Structure formats: C-alpha cells, structure tokens
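Colleague: Encoded as structure tokens, here's the structure I'll be asking about.
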Amino acid sequence: MKKINKSEPDFYKNSLKEFKPKKWGDVPNKFDIRVYMLCEEQNFQCAYTEQRIEPENSHIDHYIKQSFILQGLFKPTTIFSWNNLFASCNDEYFGAKHKDKYIKHVEYQPLINPCNESYEKHFKYSWLGDVFTDTNDAKGNNTIRIFNLNDSALVEQRRIVAHQVKIMYKQFTLKELIGIIGKFESMICYLYQQLNKLHKAQ
C-alpha cells in the first residue's frame, strides 16, 4: 500500500457545485472519476492491494464506509470528500470489498490511510510474496487483516513479481522496473532497496 498524493480535480469540484448531490448515487461522471484517479494518482494500481486495474474492472471505494457516515459516526461531508475516495479492485476476498465486510467504525484509527501514510513505516515484504510488519505494530497488522493483504491469490502474484525483480535488478533502474512491471509498486521498492543493501555489503 503506497502513499497516494490526492489532488481533487476541477471537474469533480464543479460537478458537486452544479448538481448539489444529496447522496453518492447522485454524483455524475463516476467513470471519469475512476479514470482520473487511476491515471493521475494511482498509476493504475488498486489503492490497497496495488494490483494492476483499469477503469472497467474497478470501482470507487469510500475509505470510510458510506454506511458509517450515514449513521452519523463521521462528518456527513465525508461522503463527497476527495480524500476519502480511492479506486479499488473488484475482488470480494481482499481490498476494499473485504474491508467493507469486516471493518468496525472504531478500527479506522489503527488503520493505514493511503492518503496520509506510506507503507515504509509499517510494511516489509518477503521474496515469497508475503507482506508483514512488526508484531507490536497495531496499525500495520490491522491493515493487513482488514484488507486481507496476505490472501493466497495476492501472495502468489507478489511472489511472481518478486522473482521478476530479482532477475531484472541489474538491468533496470527502480523507476524502470516499476514502469515495466506496473503493479505492487511498494513491494518492488522494498525489495529493490534490499538488493541494493546486499550488493553494497559484498
């Protein structure tokens, strides 16, 4: 889960002013919103799992669930807050949909928000594709659990990417590797740094 630098586009601001939606279903141009998020903010990666996704196979997730907002547990304007909106994969077993099934409203405080924090403070990655954190890192461990980031399907995908990083490390820069592979950017950065340390020590 990498840090996402959010920048609310003018077309979104203008649509809220023009249409004055009362609920999220009233917001127009949701496909355009996903395109903007993926292209301009997320490098076509799911905000939570960092899988490669496209506008056609993704959805807009409310990091803070709409149902919690509607219950008055969070400010009503959070529904439309740009910093509460992320493009996510559509899988039921991990990512946003898994989060929405299992999270309790009190669990947001010990949870990583990709708008505010980078993985570097919390996550480490193994060459087998696992993501892990320190035992006493409540926020890191809670995030892995809520988004089910060690689902077997994700672990297998990351394992394959880790192997690609290992064999391509000497041929490409970090930026080039991220562009070529196009997913799991945080893991690529972490493993690339580990290889750098290893080679400097030799």
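Any read-out appearing in this document is the output of simple, stated calculations on the displayed coordinates, not a laboratory observation. Just so we're clear, the structure is a prediction, and the values are computed from it rather than from any experiment. Don't worry about glycine lacking a Cβ; one is built from the backbone with ideal geometry, like all the others, and counts go over all protein chains shown.
Yes/no per residue for (1) small (Gly, Ala, Ser); (2) surrounded by 14 or more Cβ atoms within 10 Å (Cβ to Cβ); (3) under 18 Å from Ser7 (Cβ atoms):
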position	(1), (2), (3)
Phe80	no, yes, yes
Leu85	no, yes, yes
Gly95	yes, yes, no
Tyr102	no, no, no
Glu117	no, yes, yes
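Colleague: Condition first: surrounded by 13 or more Cβ atoms within 10 Å (Cβ to Cβ) and β-branched (Val, Ile, Thr). Now tell me which residues in the stretch 161-178 satisfy that.
Modeller: Correct list: Val161, Val165, Ile178.
Colleague: Continuing with the same structure: Of all the residues that make up the stretch 131-152, how many are of a type in the set (Asp, Glu) and more than 16 Å from the chain's Cα centre (by Cα)?
Modeller: Filtering the stretch 131-152 down to residues of a type in the set (Asp, Glu) leaves 134, 137, 151.
Restricting the remaining residues to those that are more than 16 Å from the chain's Cα centre (by Cα) gives 134, 137.
Counting residues in the stretch 131-152 that are of a type in the set (Asp, Glu) and more than 16 Å from the chain's Cα centre (by Cα) gives 2.
Colleague: For the stretch 180-189, which residues satisfy the criterion of being in a helix (DSSP H, G or I) and surrounded by fewer than 18 Cβ atoms within 10 Å (Cβ to Cβ)?
Modeller: Filtering the stretch 180-189 down to residues in a helix (DSSP H, G or I) leaves 180-181, 185-189.
The one that is in a helix (DSSP H, G or I) and surrounded by fewer than 18 Cβ atoms within 10 Å (Cβ to Cβ): Ile180.
Colleague: A further question follows. Given the options Thr173, Thr135, name the one that is of a type in the set (Val, Ile, Thr) and under 24 Å from Ile53 (Cα atoms). Write out each step before concluding.
Modeller: Values: Thr135 fails: under 24 Å from Ile53 (Cα atoms).
Answer to the selection: Thr173.
Colleague: Yes or no: Lys124 over 24 Å from Ser7 (Cα atoms) and in contact with a strand residue (DSSP E or B) (Cβ under 8 Å, 6 or more places away or on another chain)?
Modeller: yes
Colleague: Within the set of pairs 6+ apart or on separate chains, which have a first residue in the stretch 103-123 that is small (Gly, Ala, Ser), a second that is surrounded by 15 or more Cβ atoms within 10 Å (Cβ to Cβ), and C-beta atoms under 9 Å apart?
Modeller: Pairs found: Ser118/Met1; Ser118/Lys2; Ser118/Lys3; Ser118/Ile112; Ser118/Ser186.
Colleague: Of the conditions (1) surrounded by 13 or more Cβ atoms within 10 Å (Cβ to Cβ); (2) without any contact (Cβ under 8 Å) to a residue 40 or more places away in the chain; (3) part of a helix (DSSP H, G or I), Leu198 fails just one. Which one is it?
Modeller: Among (1) surrounded by 13 or more Cβ atoms within 10 Å (Cβ to Cβ); (2) without any contact (Cβ under 8 Å) to a residue 40 or more places away in the chain; (3) part of a helix (DSSP H, G or I), the lone unmet condition for Leu198 is (1).
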